[in-house]
Every structure is written in structure tokens, then in C-alpha cells.
2 protein chains.
Amino acid sequence: MEKHRESIAGRPQQKQLGLRQRKKAQTREAIEAVAFDLFSEQGFEQTTVEQMAERAMVSPRTFFRYFSSKEEVLFAGEREEIRRAGRLLEERGGQESLVESLEAILGSLASEYGLDRERRLIRARLISDHPALLSAYMGLMRDLEAEVAHFLARRLGETAAAEDVRLLAAVFVAVYRASIFQWADAGGKSELPDIIAANLKKLTGGLLRI
Amino acid sequence: MEKHRESIAGRPQQKQLGLRQRKKAQTREAIEAVAFDLFSEQGFEQTTVEQMAERAMVSPRTFFRYFSSKEEVLFAGEREEIRRAGRLLEERGGQESLVESLEAILGSLASEYGLDRERRLIRARLISDHPALLSAYMGLMRDLEAEVAHFLARRLGETAAAEDVRLLAAVFVAVYRASIFQWADAGGKSELPDIIAANLKKLTGGLLRI
DNA sequence: TGCCAGTTGGCATATACTGACATATACGAT
DNA sequence: ATCGTATATGTCAGTATATGCCAACTGGCA
């Protein structure tokens with residue numbers, strides 16, 4: 001039951017953080033950990049905010065100070081990864097093709113192991129089981145789309161119209177999402193970055209022209 | 001204020017329906033109409049179920065017997081169109097290419113005018129204004145994806161792997177969605193089917209290989 | 001007519017979420 | 001070391017969504 005929290009506790013801590021900040025980070029991680037425990041035990045809907053707050057030893061009011069909604073705690077991890085992808089895309093140079101850049105970044109997004117990997121699988125399973133969560137998840141995908149679109153706009157500059165940028169971003173993210181579920185359906189056995197790369201290759205090949 | 005309901009009232013009614021069924025259909029449409037009125041007057045969040053029920057002259061309890069949630073009433077129309085697209089795809093023959101079939105169906109989904117067109121624009125504007133609605137909308141897109149995937153599986157038969165079918169469905173729906181917002185951003189001036197066709201053409205051309 | 005089934009309203013309740021205020025405590029300055 | 005302040009948290013009250021239950025009404029039909 002405590003496995004998530006323990007493995008996190010073993011991670012190297014950021015230094016130079018005051019006690020306040022450390023406690024906050026700890027509380028946040030504690031809530032997230034018990035949330036994933038409860039979700040995988042009872043499912044998402046069956047788990048109440050009250051239960052999560054109880055187990056994490058905070059008041060329900062405090063829960064909402066850390067996560068703006070019940071869905072948020074489920075998706076916070078992936079949301080963070082998306083922000084990271086945005087930063088990585090910022091730095092990405094222009095020697096390679098667009099597809100190569102995206103393949104590298106979307107792939108690296110997915111290459112985390114250990115805790116993140118486990119939670120990613122739990123998340124994918126919950127989403128597959130409960131369609132209502134799909135909506136919230138697709139909202140996340142829209143955020144990723146915005147990051148990708150921003151990157152594309154910068155890389156393509158004046159050469160591409162704004163509509164084409166959004167079209168491309170939508171398509172790339174669709175590939176990313178399809179790849180994740182393809183990976184999760186296979187139980188997480190193969191490597192997600194490989195699946196993403198393969199799917200991108202299929203598209204740039206003639207798959208669309210069947 | 002009453003314009004939506006009036007224009008609906010002028011539509012030819014299905015016959016052979018008992019009084020009960022007709023009253024039900026009327027109530028449902030009344031709720032939907034006042035909902036769109038209120039949404040475009042005050043925005044989505046500012047409108048409560050109580051208000052909608054009040055104006056539609058039903059109890060809040062009854063509102064939830066017609067629409068399972070507040071979002072549902074906003075998306076019911078598009079959801080119905082998606083079901084219609086599914087039926088149309090069922091009937092579509094095999095003489096044309098996949099892209100041609102999808103172009104025709106997704107296009108016809110979007111070719112309704114009058115009431116549907118107006119509500120579609122209101123919907124798009126609300127979604128653009130309020131990101132929270134985007135999640136719910138993206139959930140709808142996932143339903144459309146399922147319909148498209150079903151169609152693709154039938155048409156491609158054994159020749160394509162299940163993963164490829166889902167990948168293709170995700171990509172096609174991404175194009176559809178990007179096209180809708182491209183259309184709505186332009187104020188609904190150009191023809192949505194044309195935009196969809198153009199975007200599909202761009203993709204089957206070399207856009208991905210930039 | 002009178003019964004049956006479907007529809008509705010009203011009430012109670014669970015749950016998600018928010019604002020206001022009070023309290024405790026880490027932090028920074030002396 | 002300690003004192004004042006900013007920050008984090010808890011408590012409480014309140015709103016909105018959503019659902020179950022039961023009683024009352026009503027259309028459909030024998």
C-alpha cells in the first residue's frame with residue numbers, strides 16, 4: 001500500500017529548498033500516491049476526495065489546494081511530462097526533419113521507467129475502463145497539441161499557414177495517443193518510443209493512401 | 001429568445017408516434033433550445049441546470065432524465081450527427097478509396113444548415129472560450145473515432161492490423177476536428193466540407209514530410 | 001370505464017468544489 | 001534567540017451537479 005510513497009522518498013531530493021517547500025512537495029506526492037493506490041484498488045469513481053484526503057492525512061479542503069479537481073490528480077504526472085516536452089522542443093535544433101524532432105521528443109516523453117511507468121499503465125487502464133475519464137484525458141492531449149503547435153510554428157516560420165500548423169499538431173498528437181494505448185493494450189511490454197517511431201514512419205509512408 | 005423552439009416547431013413531425021412520445025420529443029427539444037439560448041446569453045458555467053429546467057418548464061429532476069449531464073445537452077446534437085455518420089459509413093460501398101469515403105461522410109456530417117449550423121457555431125464559440133468544455137468535446141471526438149475505426153475495420157478486412165485501424169481513425173478524426181475549428185475561426189464563412197477535403201488532400205500529399 | 005405502464009415532481013442525499021475566517025508554523029530580520 | 005509576517009492548513013458554511021426513492025398524474029389499451 002505504501003510502495004509508491006516509499007519509492008518516491010528514496011529519490012534524490014532537490015536541495016536548497018526550504019522546509020516549507022519540501023513539506024509541500026511531500027504532501028503533494030503523498031496525495032498523488034494514495035490516489036493511485038485507491039484508484040487501482042477501487043476504480044476512479046468509487047474513490048472519493050474524502051478518502052484520498054483521509055489517507056494522505058490532509059483535509060479535503062487542502063486536497064483542492066494541491067489539485068484543482070479529482071481528475072487533476074490522475075493526470076498531473078502526464079501534464080508535467082507535457083510541459084517537459086514543451087521545454088525540450090524549445091531547445092531542439094533545426095538540422096533534423098520535423099518528424100525526427102517529434103519522434104525524439106515524444107519518444108523521450110515516454111521513456112521514463114519505474115514509478116512513472118507504473119502510474120502511466122494504471123492511468124491507461126483506468127481510462128480504457130471508464131469512458132468518462134477519456135474526456136479529461138483528451139483535454140490533456142489538446143494541451144500537448146498546443147505545445148506541438150507552438151514548436152511547429154517556430155520551426156516552420158513563415159513557410160506554413162497557421163491552419164496547417166494546427167492540422168499537423170493535431171495529427172502528430174493523434175499518433176502519440178494512439179501509440180500510448182497500443183502500448184498499454186500490449187501490457188507495456190514493448191518500448192513506447194519504438195511504437196511511436198514506427199507509427200510515424202507508417203504515416204509518412206503511404207498508410208493514408210490505402 | 002424563442003427562435004430556436006419556433007423553428008423546430010415548424011419541422012415536419014414524425015408520424016405514427018403516440019402522444020407520449022411526441023410530448024417527450026417536444027420536451028427534449030425545448031430543453032435543448034432554452035439551453036442554447038441561455039448558453040449564448042450567459043455562457044456555459046453561468047447557466048445552471050435549475051435555470052434551464054425553469055425555462056423549459058420541467059423540474060430539475062426531469063432535466064436529468066433527458067440529459068445525463070449539463071455537458072450532454074450541449075453536445076447532444078453533435079453526438080447525434082456522429083451516430084448518423086456511423087450509419088452512413090455502414091452503407092458506403094467499396095468502389096471508392098478510403099479517403100474518398102471519409103471525405104464524403106465527414107463532409108456530409110458538416111453540411112447541415114439552419115438550426116444545426118447555428119448551434120454548431122455557438123458550440124464552437126463556447127468551446128473556444130472555455131477550455132473546460134474542450135475536454136468534454138474531445139470525448140465526443142473519441143466516439144467519432146470509434147465509428148470511423150469500425151468502418152475502417154470492415155473496409156480493410158484482414159489486410160490491416162487492428163493497431164493500424166485505430167491509428168488511421170485517430171488521424172482522420174484529428175483532421176475532422178482541426179477542420180471544424182478552422183472553419184469556426186473563420187466565422188463559418190467558407191464551406192466546412194471543402195475545408196475537410198482540402199486538409200485530407202494536404203495530408204495524403206506530402207505535408208507530413210516537411 | 002378502469003387497470004397498467006410510463007412520466008413526472010418533490011424530497012432526501014451523496015459528492016465535488018469554493019469562499020471566508022481562524023489558527024499554526026516556517027521563514028526572515030533584528 | 002525572538003519577534004513579526006507570510007504561508008499553509010483546518011473548519012465551517014454554502015452552492016451546484018447528479019441520483020435514488022416514492023407518490024401522483026396521465027396516456028394507452030383491454
- Just one of A:Arg28, A:Arg61, A:Arg65 is at pLDDT 95 or above, more than 16 Å from the chain's Cα centre (by Cα) and more than 12 Å from DNA strand C (Cβ to nearest atom); which is it? A:Arg28
- Query: When you look at B:Phe151, is it aromatic (Phe, Trp, Tyr) and within 16 Å of DNA strand C (Cβ to nearest atom), yes or no?
  - Reply: no
- B:Ala33 fails exactly one of the following numbered conditions: (1) over 26 Å from B:Leu134 (Cα atoms); (2) in a helix (DSSP H, G or I). What is the number of that condition? (1)
- Query: Which members of the range B:87-97 meet the condition of being closer than 13 Å to B:Leu144 by Cα and either in a loop (DSSP other than H, G, I, E, B) or without any contact (Cβ under 8 Å) to a residue 40 or more places away in the chain (or both)?
  - Reply: B:Arg87, B:Leu88
- Taking the range A:20-50 and keeping residues exposed (fewer than 12 other Cβ atoms within 10 Å of the Cβ) and within 10 Å of DNA strand D (Cβ to nearest atom) leaves A:Arg20, A:Gln21, A:Lys23
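Being under 21 Å from B:Leu207 (Cα atoms), facing chain A (nearest Cβ under 7 Å) and not hydroxyl-bearing (Ser, Thr, Tyr) narrows it down to one of B:Arg142, B:Arg177, so name that one. Explain how you work it out, then say what you get.
Details: B:Arg142 fails: under 21 Å from B:Leu207 (Cα atoms).
On inspection, the qualifying residue turns out to be B:Arg177.
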- Item | Flag for A:Ala132 being assigned by TED's automatic domain parsing to the domain that holds A:Ser101 and closer than 17 Å to B:Val171 by Cα | no
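Looking at the range B:64-86, can you tell me whether even one residue there is outside any loop (DSSP other than H, G, I, E, B), among the hydrophobic types (A, V, I, L, M, F, W, C) and free of Cβ contacts under 8 Å to residues at least 24 places away in the same chain? I'd like the intermediate steps shown before the answer.
Residues of the range B:64-86 outside any loop (DSSP other than H, G, I, E, B): B:64-66, B:70-86.
Then drop every residue that is not among the hydrophobic types (A, V, I, L, M, F, W, C), which leaves B:64, B:73-76, B:82, B:85.
Keeping just the survivors that are free of Cβ contacts under 8 Å to residues at least 24 places away in the same chain gives B:64.
Among the residues of the range B:64-86, at least one is outside any loop (DSSP other than H, G, I, E, B), among the hydrophobic types (A, V, I, L, M, F, W, C) and free of Cβ contacts under 8 Å to residues at least 24 places away in the same chain, which makes the answer yes.
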- Item | Candidate set from the range B:68-88 (those that are open to solvent by less than 40 Å² (accessible area, probe 1.4 Å) and under 15 Å from B:Tyr176 (Cα atoms)); member that is farthest from DNA strand C (Cβ to nearest atom) | B:Ala85
- Item | Among (1) open to solvent by 50 Å² or more (accessible area, probe 1.4 Å); (2) away from every other protein chain (no Cβ under 12 Å); (3) within 16 Å of DNA strand C (Cβ to nearest atom) - the single one B:His130 does not satisfy | (2)
- Query: Is it true that some residue in the range B:26-42 is closer than 28 Å to B:Ala184 by Cα, of a type in the set (Ser, Thr, Tyr) and free of Cβ contacts under 8 Å to residues at least 60 places away in the same chain?
  - Reply: no
- Residue within the range A:109-119 that is touching a Pro at 6+ places or on another chain (Cβ under 7 Å), assigned by TED's automatic domain parsing to the domain that holds A:Leu144 and aliphatic (A, V, I, L, M) present: yes
- Message: So in the range A:155-210, with the set limited to residues that are within 24 Å of B:Leu156 (Cα to Cα) and open to solvent by 40 Å² or more (accessible area, probe 1.4 Å), which one is modelled with the lowest pLDDT?
- Response: A:Ile210
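The values are calculated or read from the model by the stated rules, or taken from the named source; none is laboratory data. None of the values given here were measured: they were computed from a predicted structure. Positions of Cβ are generated from backbone atoms using ideal geometry, with glycine treated the same way; all protein chains shown enter the neighbour counts. With ligands, DNA and RNA removed, areas are computed over all heavy atoms of the protein, side chains included. Shrake-Rupley method; radii C 1.70, N 1.55, O 1.52, S 1.80 Å.
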